[in-house]
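The values are calculated or read from the model by the stated rules, or taken from the named source; none is laboratory data. In this text the structure is predicted, and so the values were computed from the model without any measurement. Note that we place each Cβ from the backbone using ideal geometry, even for glycine, and neighbour counts take in every protein chain shown.
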Amino acid sequence: MHAFEPWNIDVSQILTRRELMSVVTSLKTRSDRLPNVQQNLALVRLAYCCGLRASEIGGLKLADVTTGISRSFIQVRAETAKGGHARRVPLWWDAGTLEDLTDWKSKRKSQAARSGDPFLCSLQAATFGKPINRHVLRRRFLTACRVLGWDRLRTLTLHHGRHTFISHALAGNRTLAEVRAAAGHASLLTTSAYLHVAVDDDGTVGDLFAFA
């Protein structure tokens, strides 16, 4: 029998509830007036509240985000997913995430986007509607989270959103099997490494991923 070393999660790569709410609140106060800010809010939700990788976010189509039903979800298609394994990410776990992604989908439709068009796209006149590559997504992430301060941002990347999503989902009483499926992990051992990660600062901000 082989013995495997446990994978240690670096808690500095996980946003606490307070940090995540600071980012979301900062963006929401400006999102109604500025489409770029509203799109950055959707980006934060996809990475930090849905656990999507940069390549999965960049490849997301409008039709991949299903809202308006009791158990809304994101379909991560095999061609964009790591290892070619498609999965569904529940949006009904967290009310704020569902609301913000529903609002952005409505915004894209108001821009005459069709089902096969990118969910996030360039908003510049010359390239409007074109997909956003991973490098631009990472820059947008830094802009979106600047309320945390540059010292904190230097410890974070867009990919750390997966760590945040998994940790908060487990802390919000989603089961290991549910979170494994949503994250697309090959093994429950990978998911279980997040079980004892602290996600709160002082208990005053309220639970995430406890919508149901």
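So the values come out like this:
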| read-out | value |
| --- | --- |
| Neighbours by Cβ (under 7 Å, 6+ apart or cross-chain): first from segment 188-211, more than 18 Å from G51 (Cβ to Cβ); second modelled with pLDDT of 75 or more and of a type in the set (V, I, T) | A198/V11; D200/T16; D201/T16 |
| Search result, residues across segment 153-171 that are closer than 18 Å to L195 by Cβ and among the aliphatic types (A, V, I, L, M) | I166, A169, L170, A171 |
| Segments classed as helices (runs of 4 or more DSSP H), wholly inside segment 108-212, with at least 2 members that are buried (at least 20 other Cβ atoms within 10 Å of the Cβ) and touching a His at 6+ places or on another chain (Cβ under 7 Å) | none |
| Count of segment 57-74 residues which are more than 13 Å from C121 (Cα to Cα) and outside any loop (DSSP other than H, G, I, E, B) | 6 |
| Number of the condition not met by S106 [criteria: (1) more than 22 Å from R138 (Cβ to Cβ); (2) touching a strand residue (DSSP E or B) at 6+ places or on another chain (Cβ under 8 Å); (3) modelled with pLDDT of 95 or more] | (2) |
| Some residue of segment 93-100 being in a loop (DSSP other than H, G, I, E, B) and more than 12 Å from the chain's Cα centre (by Cα) | yes |
| Any hit, segment 129-148, residues being without any contact (Cβ under 8 Å) to a residue 60 or more places away in the chain, under 22 Å from K28 (Cα atoms) and hydroxyl-bearing (S, T, Y) | no |
| Qualifying residues in segment 59-73 (those that are of a type in the set (V, I, T) and out of contact with any helix residue (DSSP H, G or I) (no Cβ under 6 Å at 6 or more places or on another chain)) - the one surrounded by the fewest Cβ atoms within 10 Å (Cβ to Cβ) | I69 |
| Selected residue [free of Cβ contacts under 8 Å to residues at least 40 places away in the same chain, surrounded by 19 or more Cβ atoms within 10 Å (Cβ to Cβ), charged (D, E, K, R) and out of contact with any helix residue (DSSP H, G or I) (no Cβ under 6 Å at 6 or more places or on another chain)] from E56, E79 | E56 |
| Conditions (1) touching a residue at least 60 places away in the same chain (Cβ under 8 Å); (2) of a type in the set (K, R); (3) out of contact with any helix residue (DSSP H, G or I) (no Cβ under 7 Å at 6 or more places or on another chain); (4) over 24 Å from L188 (Cα atoms): number failed by R88 | (4) |
| Verdict on V11 being hydrophobic (A, V, I, L, M, F, W, C) and closer than 17 Å to T164 by Cβ | yes |
